[in-house]
Structure formats: structure tokens, C-alpha cells
Amino acid sequence: MTLSQGLPVQNDDAAIVARVLAGDTGAYAILVAKYRAQFARYAVRMLGSREDAEEALQDALVRAYRSLAKCDDPERFGSWLFRILANRCRTTGTRRGRREKTFVRDEGALLDAAHEHPAERAAWREEIDRALARLDAEQREAFLLKHVEDLGYEEMSELTGVGVSALKMRVKRACERMRVLLQEAQG
Amino acid sequence: MNEPEFDLFIAKVARELKEPVELDAQFDARVMASLAPAVISLDSRRAPTPWYRRQLSVPAPIAGLAAAAAFAGIAAIGMLAREPQGSTLAAGSAETLVRVNDSPDREAVVTAPVQFVFVAPSTSRVELIGAFNDWQPTPMAFDAAAQAWRVTLSLPVGVHEYQFLINGTQHVVDPTAPQTASDFGSPNSIVKVTPVP
């Protein structure tokens, strides 16, 4: 099976991984810079806290570095790293139970949307974060992988170890729940 | 279940969630700084248990694993406690790790010899990979008398994860050693190294 929709597959990664394994530790910075933005977004959405997300992403990057020789397909380093991060997010989510319910507001991104009223968009965005936080972890994970990371169900199944049918059901229920929660919030 | 039809409402929600997030400006530097230092176990700061007093029995689940390995033509006898050169026995559990600064006045790293043994007489090549060699294969020598592959390394006191690499392709855990959960699809074996008394 080839992960081709949302997860990165880069020939360049194999060359960088080879450099790192040959002792050029500094080359790993290229991979860090390359993947941090996409993966930070997933971690923030999944964990609901920028601090937790940074911790999870840093831990995933360090784990990946220390186990780089075990990356069987360096061209798919991004997919492999994402799997590590997803597992780490699951562990963090289970341990903390999302008790803190911290919501991330990216004021810069909100203000960039000049075609809408910033205050309205900020409120809408906060409602989305709250609704997302009220999904159970499995539904939130499935929703984010499908609709934010744009993965196919086969990719999601490979990543999570959950069957395609179960994932479809989780996404369906997550969408239904998000719709209800957001419609309630908007009165 | 069929694919759901395109949902404009959900697409609108997803669009918001696809907005990038900002990380701390020092994030990359923090990650890179955390790669270099070696790690040792907090256990090294405690009074060690003499190796001859440590538990030598094989837990029941491990016996089952050993049986499975034997079926495949591979069996491991793990680390030998009473090797002539005083090798350290492999046994233990996961420990909290602490990073050691590279400052000149840090404590000297205490090491102990550890012998790894893997019984696989029909295999042409066995190597040892682990956190202690950055998962770079260390060749193991075949001992014809014992029909086993051996290598002895001097490892820092603490807990180390490792696997055996068979013929350069097959990763195998040590069925006689404890294992740790892994994010990478397969568990690692654990060796706990204590100072030689």
C-alpha cells in the first residue's frame, strides 16, 4: 500500500536520512524544519494545547532520530514520523484526559482573513476548538486525519491500526457531533 | 459504508482547522540540542545490587516467547551471568532517563561489560543494534562450540534498548529479556546494566 494522499513521501528524505545515519547530525535540522509545520498543526488540534503539542512533537522528533536506523523506508520518513507523533498524541491524550481543555487561538491566522470580521471569525474559530475538544479522542483523531490532514481511509487504517469500516463510522459520528455542537453554539 | 458526500459545513470547519499554527521560535533549536547528549539511567546514582544477587529466573511469558523463537530455528539465551570475563546479566525494567550535560565537570560515565548471546546456528550473519550504538549494527562473532553468536560491549550503567539484526534485514527481540513498548511497530528488548562490584 502506498501512502499518497496526505502523508509526505519524498525521495529527498532518503538522502537526508542517509546523511544523518552517516554522522551528519546537523542534516536532521532539514527534516525538522520540513515537517514541523504540518505535524505541529495536527498535534495542536489533537491535544488542544500548544504547549502539549510542542512537547509531543519534540518527543516524536527525538524518538525518530534515535531510531532512525529502524526506519525501513526512508523515502517515507514523513509517514513514519507522523505515525510516531500520532501514537505520542494518543498517549498524551489518554494520560491527561484532556482535562485542561486549553484552546489555541492563532490571532495572526485569524486576522489574515480580511474578508471576514475578525471578531466573528475569532468566535467561530473558538467554537470549533471547543466542539473538537468535546469529541472523544478516537473521533477527534479520525476527524482530523480525514478532514484536516486529508488522508484516505486506507492510510488512516495503516496509521492507526483500526479497520476502515470503524474509521468511517468514527468520522461520520464526529461530523454529526461537530455539526450539533456548532449549531448549538450558534444558537 | 459508502463514502459520505461532500459536506460544505464540515469543509468550512476543516478549512479553519487547516490554518497553520505557530511554534515557539526556538523549537528547532531545542530539538537539535536534545539530540546530541548521551543518556544514562537515574539508576546509576543509586546503590547498585551486586550482580550475583540479582534474579536469574526466566518469567513465564518469556518462556513462551523462547518456544516461539525455537520453532523458527532461532533461540536466544540472552546475557550470561557468569561468563569468565564477568559480564553483566541482562535483566531489568524501564527506568526514567536523565540527560547528561557535556560539561567538563560532569560525573564520569560508569561502564560495565555486557555479553549478548544469540543462538542461531543456521544464520549467516547476526548483528546487534541498540540505542548504545545509535542502531548501527555491531557484528557478532559465531561461536561454533556453543552454536551461538556473541559480542561483548562495554556499556554505560543504565537501561538500554536493543534488538538482534538477522542477515541484515530481520529485526528480532531477545526472548529472554524484558521488552519495552515501541512506537515503531515492534518492541525492543531491554538490558539493565549495573556497575561491576
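The values are calculated or read from the model by the stated rules, or taken from the named source; none is laboratory data. Because the structure is a prediction, the values reported are computed rather than measured. When we count neighbours, we look across all protein chains shown, and the Cβ atoms used for this are built from the backbone with ideal geometry, even at glycine.
Among the residues of the stretch A:70-86, write down those that are at pLDDT below 90 and either part of a helix (DSSP H, G or I) or touching a strand residue (DSSP E or B) at 6+ places or on another chain (Cβ under 6 Å) (or both). Once the filter is applied, which keeps residues that are at pLDDT below 90 and either part of a helix (DSSP H, G or I) or touching a strand residue (DSSP E or B) at 6+ places or on another chain (Cβ under 6 Å) (or both), the stretch A:70-86 yields only A:Lys70. Residue pairs whose Cβ atoms lie under 9 Å apart, sitting 6 or more positions apart in sequence or on different chains, and linking a residue in the stretch A:171-187 that is closer than 30 Å to A:Glu154 by Cα to a partner that is of a type in the set (Ser, Thr, Tyr) and surrounded by 18 or more Cβ atoms within 10 Å (Cβ to Cβ), are A:Val171/A:Tyr153. Screening the candidates B:Ala33, B:Ala11 for the property of being at pLDDT 50 or above, at the interface with chain A (Cβ under 9 Å from one of its Cβ atoms) and exposed (fewer than 13 other Cβ atoms within 10 Å of the Cβ) yields one hit, B:Ala11.
Can you find even one residue in the stretch B:38-57 that is facing another protein chain (nearest Cβ under 7 Å) and either part of a helix (DSSP H, G or I) or modelled with pLDDT under 85 (or both)? Working first, answer last.
Taking the stretch B:38-57 and keeping what is facing another protein chain (nearest Cβ under 7 Å), we get none.
No, every residue in the stretch B:38-57 fails to be facing another protein chain (nearest Cβ under 7 Å) and either part of a helix (DSSP H, G or I) or modelled with pLDDT under 85 (or both).
A residue that is at pLDDT 90 or above and farther than 23 Å from B:Leu23 by Cα occurs nowhere in the stretch A:35-45. Can you say whether A:Ala60 is touching an Asp or Glu at 6+ places or on another chain (Cβ under 7 Å), within 26 Å of B:Gln136 (Cα to Cα) and either in contact (Cβ under 8 Å) with a residue 12 or more places away in the chain or not in a loop (DSSP other than H, G, I, E, B) (or both), as far as the supplied structure shows? The answer is no for A:Ala60.
Checking A:Leu151, A:Leu145 one by one, the residue that is in a helix (DSSP H, G or I), under 15 Å from the mean Cα position of the chain (by Cα), within 20 Å of B:Val21 (Cβ to Cβ) and more than 10 Å from chain B (Cβ to nearest Cβ) is A:Leu145 and no other.
Out of the stretch A:21-46, which residues are within 7 Å of chain B (Cβ to nearest Cβ) and closer than 19 Å to B:Asp134 by Cβ? Of everything in the stretch A:21-46, those that are within 7 Å of chain B (Cβ to nearest Cβ) and closer than 19 Å to B:Asp134 by Cβ turn out to be A:Thr25, A:Tyr28, A:Ala29, A:Val32. Of all the residues in the stretch A:159-169, those that are touching a residue at least 12 places away in the same chain (Cβ under 8 Å) and within 11 Å of another protein chain (Cβ to nearest Cβ) number 2.
I'm trying to understand the selection: among the residues of the stretch A:27-51, which are of a type outside the set (A, V, I, L, M, F, W, C) and within 15 Å of B:Arg30 (Cβ to Cβ)?
Matches in the stretch A:27-51: A:Tyr28, A:Arg36, A:Arg50, A:Glu51.
Looking only at the stretch A:112-144, which residues are within 23 Å of A:Ala86 (Cβ to Cβ) and in contact (Cβ under 8 Å) with a residue 40 or more places away in the chain? Across the stretch A:112-144, the qualifying residues are A:Ile128, A:Asp129, A:Arg130, A:Ala131, A:Leu132, A:Ala133, A:Arg134, A:Leu135, A:Ala137, A:Arg140, A:Glu141, A:Leu144.
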